[in-house]
Amino acid sequence: MTPEHFDVLIVGAGLSGVGAACHLRQASPTKSFAILEGRAAMGGTWDLFRYPGVRSDSDMYTLGYAFKPWREAKAIADGPSILNYVCETARDHGVDGAIRFNHKVTRAEWSTPEGRWTLEAEVGPQKAKVRFTCAFLLMCCGYYSYAGGYSPDFPGAETFKGRIVHPQAWPSDLDYAGKRVVVIGSGATAVTIVPEMAKTAASVTMLQRSPTYVVSRPAEDAFANALRRRLPAKLAYGIIRWRNVLLGMFFYRMARRKPEKVKAQIIDMVRQELGPDYDVETHFTPRYNPWDQRLCLVPDSDLFCAIKSGAAQVVTDHIERFTPGGIALKSGQTLDADVIVTATGLKLELLSGLKVVVDGEPAELSKSLSYKGMMYSDVPNLASVFGYTNASWTLKADLTAEFVCRLINYMDRRGFACATPRRRETVEEAPWLDFSSGYVVRALGEFPKQGVKHPWKVYQNYLLDLFALRYGRLDDGVLEFSPPSMASQTPREPQRLAAA
Ligand SMILES: Cc1cc2nc3c(=O)[nH]c(=O)nc-3n(C[C@H](O)[C@H](O)[C@H](O)COP(=O)(O)OP(=O)(O)OC[C@H]3O[C@@H](n4cnc5c(N)ncnc54)[C@H](O)[C@@H]3O)c2cc1C
């Protein structure tokens with residue numbers, strides 16, 4: 001059967017995929033597109049994660065789309081509200097009908113002679129194979145494996161008599177009221193789950209190997225809410241969004257320039273929260289500098305309140321083994337537990353493990369260079385969304401979608417069929433992310449490299465990206481354009497034409 005053809009195929013109907021579809025509708029209205037979504041629902045992360053208290057850890061004025069004001073009172077929002085926001089956006093912009101649910105894309109093959117991608121997807125539980133073709137492929141499939149989270153092999157885990165749960169696969173029937181809970185981990189998920197479970201559990205222990213920076217912010221942004229009452233929604237949203245972008249950049253810059261000062265300030269805030277008798281040195285003083293790993297944000301000091309009230313405690317130690325009744329620690333201490341939550345992280349995955357083939361050859365993306373943080377050297381007509389590590393994901397997702405629309409429109413106007421980033425000179429390489437978190441370090445080998453200079457450098461900087469992606473030249477001498485008539489030639493030949 002002839003595969004169904006679209007100008008653009010978007011893979012993934014999460015925050016990024018739905019946003020990208022809205023951008024396409026708006027900026028490239030003549031283009032046909034569909035969204036292929038592996039699951040039965042849209043929303044991605046915000047539909048998948050169901051653990052108690054699931055919420056954002058950045059503010060919704062920057063995690064929301066540039067084009068759709070966030071209208072709820074809470075700036076740090078709960079998962080269901082974010083999911084609702086994504087679904088509402090899809091409905092409002094009429095892109096919900098373009099989603100093909102239960103279509104998990106497994107392979108994408110580019111053909112230069114045909115000037116198109118052929119995608120293979122598995123449909124439904126039977127995994128029936130379906131093929132689609134498209135001129136441009138936009139991967140919005142997130143950054144981690146949907147098959148399951150990361151959990152180390154804990155010795156003795158099979159002997160534990162209670163339940164072990166991972167936050168990525170939260171069992172809907174888990175009743176933890178009155179139970180003793182141990183949460184393993186110290187990241188964003190652990191600091192979210194602990195105060196929430198502490199509301200009804202008999203006890204909650206956050207067991208961490210080493211501490212993380214934890215910063216409290218008000219869940220509701222009083223300035224933002226006041227402004228929203230006085231100004232039209234879009235204007236207020238724009239002002240608050242920019243204020244939060246700039247404040248976020250300022251704090252990040254301060255942390256990189258004066259790490260000791262910022263470290264002291266954060267630790268001091270924790271001391272004020274927990275009082276002079278609490279061992280802040282052991283439990284809340286990381287060995288690394290702020291922003292070497294992502295900071296953990298807690299709304300309205302909820303974690304600190306749970307600790308102060310005695311409903312939750314933090315233990316900093318190493319696991320010796322699981323026992324039938326809980327966890328034995330290297331220090332000799334034991335933690336009794338009925339439920340163990342392994343908040344041990346995600347498994348990072350590039351392009352959801354998609355097999356990418358270019359003109360019959362498997363594309364080795366781990367050896368490629370990232371172009372503008374979204375395309376891959378020598379891979380034509382493919383872009384992917386990857387958000388910031390030091391700011392909200394959607395800031396970059398919006399810019400990426402905007403850039404792709406610009407590129408598609410440009411190619412249309414000039415009659416080009418193909419755009420490929422080409423490494424024409426030696427470029428000094430660096431790891432894709434400059435982050436020391438375990439889940440990043442474990443996966444970096446599978447990710448592309450970045451270069452040390454534009455356009456190969458992945459700037460974790462919204463302002464720089466804004467200028468480069470919204471206003472920067474498309475024919476920058478690196479992106480090689482070729483018309484359909486060149487399609488039957490080898491991919492490297494058309495470079496000369498690009499300059500023409
Ligand atoms: C618990 C949690 C909290 C977070 N909080 C924040 C926060 O506060 N701020 C922030 O900036 N970031 C946060 N993040 C990062 C977060 O993932 C992004 O903000 C954002 O939701 C990513 O959206 P996305 O659409 O790019 O990816 P996802 O939400 O991961 O959606 C990807 C979609 O693609 C689909 N898909 C994947 N592979 C395929 C395939 N091969 N074929 C078809 N479909 C496929 C998936 O089913 C999914 O629907 C958080 C992440 C987690 C896990």
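The values are calculated or read from the model by the stated rules, or taken from the named source; none is laboratory data. None of the values given here were measured: they were computed from a predicted structure. Positions of Cβ are backbone-derived with ideal geometry, glycine not excepted, and every protein chain shown enters the neighbour counts.
Report, by residue number, each residue of region 7-49 that is more than 10 Å from the ligand (Cβ to nearest atom) and in a loop (DSSP other than H, G, I, E, B). Once the filter is applied, which keeps residues that are more than 10 Å from the ligand (Cβ to nearest atom) and in a loop (DSSP other than H, G, I, E, B), region 7-49 yields SER28, PRO29, THR30, LYS31, SER32. Note on region 350-405: among residues that are under 21 Å from the mean Cα position of the chain (by Cα) and among the charged types (D, E, K, R), the one that is surrounded by the fewest Cβ atoms within 10 Å (Cβ to Cβ) is LYS355.
Taken over region 83-140, residues that are in a helix (DSSP H, G or I) and aromatic (Phe, Trp, Tyr) amount to 1. For region 142-163, the count of residues that are hydrophobic (A, V, I, L, M, F, W, C), touching a residue at least 60 places away in the same chain (Cβ under 8 Å), within 10 Å of the ligand (Cβ to nearest atom) and crowded, with 17+ Cβ neighbours inside 10 Å is zero.
A count restricted to region 422-444 and to residues that are in a loop (DSSP other than H, G, I, E, B) and either over 20 Å from GLY149 (Cβ atoms) or polar (S, T, N, Q) (or both) stands at 12.
Among the residues of region 171-188, write down those that are touching a strand residue (DSSP E or B) at 6+ places or on another chain (Cβ under 9 Å) and outside any strand (DSSP E or B). Hits for region 171-188 are PRO171, LEU174, TYR176, LYS179, GLY185, SER186, GLY187, ALA188. Go through region 96-134 and give me each residue that's among the acidic types (Asp, Glu) and either closer than 19 Å to ALA13 by Cα or near the ligand (Cβ under 10 Å from one of its atoms) (or both). Across region 96-134, the qualifying residues are ASP96, GLU120, GLU122. Name, by its number, the condition in (1) surrounded by 13 or more Cβ atoms within 10 Å (Cβ to Cβ); (2) farther than 18 Å from ALA311 by Cβ that does not hold for THR205. Going through the list (1) surrounded by 13 or more Cβ atoms within 10 Å (Cβ to Cβ); (2) farther than 18 Å from ALA311 by Cβ, THR205 breaks only (2).
Name every residue in region 396-409 that is touching a Gly at 6+ places or on another chain (Cβ under 7 Å) and not acidic (Asp, Glu), in order of residue number.
Selection gives LYS396, ALA397, ALA401.
Annotation: of all residues in region 384-406 being charged (D, E, K, R) and either out of contact with any Asp or Glu (no Cβ under 7 Å at 6 or more places or on another chain) or at pLDDT below 95 (or both), the one that is nearest to the ligand (Cβ to nearest atom) is ASP398. For region 386-405, residues that are under 23 Å from SER28 (Cβ atoms) and not hydrophobic (A, V, I, L, M, F, W, C) total 6. For region 294-305, check the following and say yes or no: at least one residue is away from the ligand (no atom under 16 Å from the Cβ), in contact (Cβ under 8 Å) with a residue 12 or more places away in the chain and among the hydrophobic types (A, V, I, L, M, F, W, C). Yes, that holds for at least one residue.
The selection criterion, being among the small types (Gly, Ala, Ser), in contact with a strand residue (DSSP E or B) (Cβ under 7 Å, 6 or more places away or on another chain) and either touching a residue at least 12 places away in the same chain (Cβ under 8 Å) or surrounded by 22 or more Cβ atoms within 10 Å (Cβ to Cβ) (or both), holds for ALA419.
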